[in-house]
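Notes follow the structure.
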Amino acid sequence: MRLNKDDEVVYERIFTEKDLKDYATIANFWGKHHEIPNDKGEYLLQGLLTASLTNKIGGDYDILMYKMEFDFLKKAYTGRKLKCVNIVDNLINKGGKNFIDIISDVYDENGDHLLHGFLRGILLD
């Protein structure tokens, strides 16, 4: 499937405590603020684990990302459904390569805007 300007690609996921701990182990990224649950039993997700949802489009559409900018607006927690909305902002061919710009926003199940991102990559297909 080919992406076009203004296409919207949406992903949803619930990160679990296991996901958080697996990421912390793999990335060697530990912090007390990720190890102690809040009063609802939820754990604070690592920012880059949350942001990984924005980059799923790269794997699904064979895009080599070379620039990613993120504004982390609110905290994300385990057990909550996260929704990532990616919108193709621009597509351009330069020198035989197809470049893509993507605006990416992540929301939680309450509608809170957690992350705003900008992705730039090269379509490899």
Review point. Rounded to the nearest 0.05, what FRET efficiency do D62 and E35 have when you use their Cβ-Cβ distance and R0 = 35 Å?
Key: 0.45
**Study point:** From the coordinates shown, Cα extents along the principal axes in Å corresponds to which of (1) 42, 30, 22; (2) 52, 30, 23; (3) 83, 30, 22
**Key:** (2)
Review point. Length gain on complete extension for the stretch N28 to I87, per 0.36 nm per residue less the alpha carbon to alpha carbon distance?
Key: 18.1 nm
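Over the chain, with every protein chain in place, what whole percent of the accessible area is carbon and sulfur at 1.4 Å, could you tell me? Working shown, then result.
On the way: 3710 of 7320 Å².
About 51 percent, which is the carbon plus sulfur part of the accessible surface.
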**Study point:** Global geometry of the stretch 1-68, whether rounded, prolate or oblate, following the gyration tensor of its Cα atoms and the 1.5 cut on a/c
**Key:** prolate
Review point. Which value, in debye to the nearest 20, describes the size of the charge dipole of the chain about its Cα centre when Lys and Arg Cβ atoms bear +1, Asp and Glu Cβ atoms bear -1, and nothing else is charged?
Key: 260 debye
Check your understanding: Tell me, what ³J(HN,Hα) does each residue in the stretch 109-125 have, in order and in whole Hz, if you take phi through Karplus 6.51 cos²θ - 1.76 cosθ + 1.60 with θ = phi - 60° and put x for Gly and Pro?
Key -> 5, 8, x, 5, 7, 9, 8, 10, x, 10, 10, 10, x, 10, 6, 8, 6
Revision key, fill the gap. Only helices counted: for the chain, with every DSSP H run of 4 or more residues adding -39500 (n - 2.57) and the sum spread over all residues, [θ] at 222 nm is -4500 deg cm²/dmol
Study note, to complete from the structure: Calc'd 3J(HN,Hα), the stretch 19-32, phi into Karplus 6.51 cos²θ - 1.76 cosθ + 1.60 (θ = phi - 60°), Hz, glycine/Pro = x, comes to 4, 4, 5, 4, 4, 4, 5, 5, 7, 6, 10, 10, x, 4
Revision key, fill the gap. Mean accessible area per residue over the chain (1.4 angstrom probe, all protein chains present, square angstrom) is 59 Å²
**Study point:** Computed over the stretch 11-82: relative contact order in percent, which uses C-alpha pairs under 8 Å that are six or more apart
**Key:** 50 percent
Exercise for review: Could you run the Karplus curve 6.51 cos²θ - 1.76 cosθ + 1.60 with θ = phi - 60° over the stretch 43-54 and give me ³J(HN,Hα) per residue in whole Hz, x for Gly and Pro?
Suggested key: 9, 6, 6, 5, x, 6, 5, 4, 5, 4, 5, 5
Point to revise | Fluctuation leader among K21, K97, K40 - the chain, Gaussian network, Cα springs under 10 angstrom | key: K40
**Study point:** Gaussian network model of the chain, Cα within-10 Å springs - most flexible of N110, N98, N90
**Key:** N110
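Exactly which GluC sites (Glu not before Pro) in the stretch 1-72 are in a DSSP loop and have at most 11 other Cβ atoms within 10 Å? Provide the component values of the computation, followed by the final result.
On the way: sites: E8, E12, E17, E35, E42, E69; in loops: E42.
Passing sites in the stretch 1-72 do not exist.
The values are calculated or read from the model by the stated rules, or taken from the named source; none is laboratory data. Because the structure is a prediction, the values reported are computed rather than measured. Ideal geometry is used to build each Cβ from the backbone, glycine not excepted, and the neighbour counts take in all protein chains shown. In case anyone asks, the SASA skips ligands and DNA or RNA and just uses the protein heavy atoms, side chains included. Shrake-Rupley method; radii C 1.70, N 1.55, O 1.52, S 1.80 Å.
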